[in-house]
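A short write-up of the structure that comes next.
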Amino acid sequence: MDLFSDIEPTSETPQGPLAERMRPTKWEEFLGQDHILSAGKPLRRLIESGSNFSFILWGPPGCGKTTVARLAAKIGNSPFFEISAVNAGIPELRKIIAQAGKVKSSYSGSTVLFIDEIHRFNKAQQDAVLPVVENGTIRLIGATTENPSIEVIPALRSRCQIFRLEYLQPTQITNLILRALEDKKYGLDGDKESIEEDAIGLIVALANGDGRKALNILEAAFAFMTAGKSRCVDQSTVLGIVQQTSVLYDKGGGEHYDHASAFQKSLRGSDPDAAIYWLAKMIAGGEDLKFIARRLMVTAAEDVGLADPNALNIALAASQMAEKLGMPEARIPLAQAVIYIAKAPKDNSAIVAIDKALDDIQNKGLSFPVPDHLKDAHYKDAKKYGYGVNYKYPHQFPDNYVEQQYLPDELKNKNYVPPKKGD
């Protein structure tokens, strides 16, 4: 019985949706990723050399990860199997591994296994692939939209080269649309008269660097036109099909942390326009308002700090109002706080001081007992032990201040708080 009877190699004949039909079958047709795939660049050279190496492609949706994997397998003339981690499990992996073992024993070659969305495999599933990748039975090509350094186990990651792919540029999306429009075999067999230039520009904007999304919109717009609803594809046709731009924000993945980082760094950098933009991006992506509010409060304390203590009150008030109001009204107090904090003067002495003291205590062994004169002396026998003796009560002195050592002897004259400018 064929162990692989229910898993067929991927067909080389493009079928189905326009995006699948227009998938490149050779390097000359590939658009984008010039930094790793143009002639002489790292990934292209490794693939064309016939090197039997495993690699992981990390990049956003619609940037060409699957196409690269298929081209790599085609060039290597290797058995190629493609699964999605969304719906495949260990049983499917075992079948592929068994078949790959037969290939290796019979032809001394490796089988290419392409795992799409590899970050969705749990540790046990990733561990199942590890031995056969290590011994060369399987040549793994993984694709992920999430950071492999976080989502792929170290042992598997160390056996793979990792290549970062980027969003397609507007000119590349435009060329992709024109190619699909004019292709007579796999495309729409149309011409430039079938779609207005402004409509192409709108599709490019709506796609946001996602080639697959651009072709899906184009195909739907042409279906609408050929159904007799309009004479050509114009902006109103496109807008009627696509109600909202893709936000390019996954609040459950790496985008969550990247956007939070950009947001906080814009606040710290005193750029209110950028901070408002990243706030809007997170709101549009459905980010938890409590998470946004926490970032605001942290920035108010960490980066504004003593330069404007009122920033903490503003951040706290915005957080409370956002929670009470909910969306869409919550956007207003959050925006108010963002602008205030971004424009506020900056001072990070609080975080610098506490982190320096914690480092001394936790990492450098500078943990010392309280000096006797500072110890609690409110009970009867305290002075018998010398506790509180020679303590100077500041309010008994002019200006409520008196020179006195408060640090342990071992840290006398130690400075944790950075001096103010001019001191």
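Annotations
- Cα-based Kirkwood hydrodynamic radius, segment 8-129, one decimal, Å: 15.6
- Percentage relative contact order, the chain, counting C-alpha pairs under 8 Å, at least six apart: 11
- Among C232, C160, C63, sorting on how many other beta-carbon atoms sit within 10 Å of each Cβ, with the fewest leading, yields C232, C160, C63.
- Segment 266-364 - convex hull of the alpha-carbon atoms, volume per residue in Å³: 100
- For the peptides 300-312, 43-55, the ranking by packing is 300-312, 43-55, with the highest mean count of neighbouring Cβ atoms within 10 Å listed first.
- In segment 287-423, inverting the average of 1/r over every pair of distinct C-alpha atoms gives 18.6 Å as the Kirkwood radius.
- Average Cα contact separation per residue, segment 254-343, under 8 Å, 6 or more apart, as relative contact order %: 35
- Only DSSP H runs of four or more residues enter the estimate; each adds -39500 (n - 2.57), and after division by the residues of the chain the mean residue ellipticity at 222 nm equals -13500 deg cm²/dmol.
- Within the listed set D210, D258, D381, the Gaussian network model of the chain (springs between alpha-carbon atoms below 10 Å) gives the highest mean-square fluctuation for D381.
- If only the Cβ of Lys and Arg carry +1 and only the Cβ of Asp and Glu carry -1, the dipole of the chain around its Cα centre is close to 860 debye.
- Take every Cα pair under 8 Å whose residues are at least 6 apart in sequence, average their separation, divide by the length of segment 170-241, and the relative contact order is 31 percent.
- Within the chain, antiparallel bridges make up roughly 0 percent of the DSSP beta bridges whose residues both belong there.
- Between helix 65-76 and the chain: long-axis angle, C-alpha atoms, 0 to 90°, nearest 10: 50
- Order of V338, V242 - criterion: other Cβ atoms within 10 Å of each residue's Cβ, fewest first: V242, V338
- Packing-based exposure ordering (other Cβ within 10 Å, fewest first) of I351, I292: I351, I292
- Neighbour net charge for K414 - beta-carbon separation under 10 angstrom, K R +1, D E -1: 0
- Distance from segment 347-380 to segment 37-82 (C-alpha centre basis), Å: 56
- Charge context of S110, other residues only, Cβ under 9 angstrom, K/R +1, D/E -1: +2
- In sequence order, calculated HN-Hα J values of segment 344-357 (Karplus, 6.51, -1.76, 1.60; Hz; x Gly/Pro): 5, x, 10, 7, 10, 5, 5, 5, 4, 5, 5, 5, 5, 5
- Segment 276-306-segment 157-200 distance, computed between alpha-carbon centres (Å): 35
- Among K74, K384, K290, the largest mean-square fluctuation in a Gaussian network model of the chain, built with springs joining Cα atoms closer than 10 Å, belongs to K384.
- Nearest 10 degrees, 0 to 90: helix 331-343 Cα axis against the chain principal axis: 60
- Reach of K346 by Cα under 19 Å, taken over aspartates and glutamates that are not fewer than 8 positions away in the same chain: D271, D273, E302, D303, D308, D355, D423
- Angle in degrees between helix 170-182 and the longest Cα principal axis of the chain, rounded to the nearest 10: 20
Each reported figure results from applying straightforward, stated rules to the coordinates on display, with no laboratory input. Nothing here was measured: the structure is a model prediction, and the numbers come from that model. Don't worry about glycine lacking a Cβ; one is built from the backbone with ideal geometry, like all the others, and counts go over all protein chains shown.
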